[in-house]
Amino acid sequence: MKTLLNHFPNITETQKKQFSKLEELYKFWNAQINVISRKDIDELYTKHVLHSLGIAKVQAFKPGTKVLDVGTGGGFPGIPLAILFPETSFYLVDSIGKKIKVVNEVATALDLKNVKAEQIRAENVKGEFDFIVSRAVTKMDDFVKWTRKKIAKKQHHEIKNGILYLKGGDLTDELANFSNATLYNLTDYFDDEFFETKKVVHIPLKKR
């Protein structure tokens, strides 16, 4: 929590309370439904919460923004982003029902009115979104195929509507077909060694 507050010092008391509850909630639910690896649960705030909030360093979501989180797992990056941006609507989807159960329980415990979670495949999601976020669920070619028809046309932000994707390592081959991709190194924002190879990939998309 201390590291999180160092990087996001302007959050409200309500947000501080919500963020501080995450460890207790995820430890409780993880003991019943394993959504976070056992070795990572003790580093929840760095490896999951702060990592998720790397997207916020690239683009702060304006009130009324609609965000789709594909393959959310236990709620990352969607839950931390929903705490940080209470006036943004988040739709968290995953094909595995037990993971969505955890997301719903966490969102309810935190009283996150801006979160909807559903067991559904990304391809079957209806609606349009300003941004689609995810954390390394599949290769980018497949991810773009799943999501490109779900991007809203009207622009409201500094960067263009599209994908904001958390991924690490050398992405040269994976992004070969996306000359318009912009990579943001998370080491520019966070100093923990965990972020050494971690990036936010932004790919603007036009609805087709």
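Brief remarks follow.
- THR12 vs. criteria out of contact with any strand residue (DSSP E or B) (no Cβ under 8 Å at 6 or more places or on another chain), of a type in the set (Ser, Thr, Tyr) and in contact (Cβ under 8 Å) with a residue 60 or more places away in the chain: no
- Residues of region 23-61 satisfying the condition of being more than 30 Å from GLU158 (Cα to Cα), in contact (Cβ under 8 Å) with a residue 40 or more places away in the chain and of a type in the set (A, V, I, L, M): LEU25, ILE33, VAL35
- Within region 139-149, the residues that satisfy the criterion of being open to solvent by 30 Å² or more (accessible area, probe 1.4 Å) and in contact with a helix residue (DSSP H, G or I) (Cβ under 9 Å, 6 or more places away or on another chain) are LYS145, TRP146.
- Within region 150-203, the set of residues being in contact with an Asp or Glu (Cβ under 7 Å, 6 or more places away or on another chain), surrounded by 15 or more Cβ atoms within 10 Å (Cβ to Cβ) and in a loop (DSSP other than H, G, I, E, B) comprises ALA152, ASN161.
- Filter pass, THR14 being within 29 Å of ASN161 (Cβ to Cβ) and either surrounded by fewer than 18 Cβ atoms within 10 Å (Cβ to Cβ) or not aromatic (Phe, Trp, Tyr) (or both): yes
- Scope region 78-99; condition open to solvent by 30 Å² or more (accessible area, probe 1.4 Å), touching a helix residue (DSSP H, G or I) at 6+ places or on another chain (Cβ under 9 Å) and of a type in the set (A, V, I, L, M); matching residues: none
- Residue in region 17-61 that is least open to solvent (accessible area, probe 1.4 Å), counting only those that are assigned to a helix (DSSP H, G or I) and of a type in the set (Lys, Arg): LYS47
- Residue count for region 100-110 satisfying the condition of being open to solvent by less than 90 Å² (accessible area, probe 1.4 Å) and either charged (D, E, K, R) or in contact with a Phe, Trp or Tyr (Cβ under 6 Å, 6 or more places away or on another chain) (or both): 2.
The values are calculated or read from the model by the stated rules, or taken from the named source; none is laboratory data. Since this is a predicted model, take the numbers as computed values, not measurements. Backbone-built Cβ (ideal geometry, glycine too); neighbour counts: all protein chains shown. Side chains are part of the model used for accessible areas, which takes the heavy atoms of the whole protein and leaves out ligands, DNA and RNA. Shrake-Rupley method; radii C 1.70, N 1.55, O 1.52, S 1.80 Å.
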